[in-house]
1. Provide the gained length on full extension for the span K82 to H23, in nm with one decimal, where the gain is 0.36 nm per separating residue minus the Cα-Cα distance.
2. Take the alpha-carbon positions of region 1-54, form their convex hull, and give its projected area averaged over all directions (one quarter of the hull surface) in nm².
3. Using the Kirkwood radius over Cα pairs, work out the Stokes-Einstein diffusion coefficient for the chain at 4 °C and 1.567 mPa s, in µm²/s as a whole number.
4. At a Förster radius of 30 Å, what calculated FRET efficiency corresponds to the Cβ-Cβ distance of H42 and E68, to the nearest 0.05?
5. Pull out the extension gain between V6 and D54, defined as 0.36 nm times the separation in residues minus the alpha carbon to alpha carbon distance; nm, one decimal.
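Read-outs throughout are calculated quantities, based only on the coordinates presented, and are distinct from any laboratory measurement. Since the structure is predicted, the reported quantities are computational estimates derived from the model, not experimental observations. No Cβ is skipped: glycine too gets one built from the backbone with ideal geometry, and neighbour counts run over all protein chains shown.
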Amino acid sequence: MSDSAVRKYKINECLLKRSIDHHRVAIRKIPNYMGISLNTLHNYRNILFNDPQDIPHEIVVLFEQLFELQPGGLLNKPIRGKTLDDLINSELPQKGK
């Protein structure tokens, strides 16, 4: 995997903003804090933009808090959806037609 490959999450970007000493300490402490293995942390860091894998929501929230990001700020791709009113007011496909 290339270091220039676009990742789904900004974990590497956030870690690389730190000094090398802080980066090393963070890599050691984050898995314990989140209750995941070091290997899982590395897997999360390496999820590519178009990969179907995702990080569980609670872990994403913890990353956003650790890196002082706004909710949704860990993602490198925006998620666009309808509001509930849009969904309710839209035409739904008829079954059997």
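1. Values: separation 59, 0.36 × 59 = 21.24 nm, distance 3.84 nm.
The K82-H23 span can extend by a further 17.4 nm.
2. 3.9 nm²
3. Details: Rh = 15.6 Å.
Estimated via Stokes-Einstein, D reaches 83 µm²/s.
4. Values: r = 22 Å, r/R0 = 0.74.
Calculated value: 0.85.
5. Numbers: separation 48, 0.36 × 48 = 17.28 nm, distance 1.46 nm.
Answer, rounded to one decimal: 15.8 nm.
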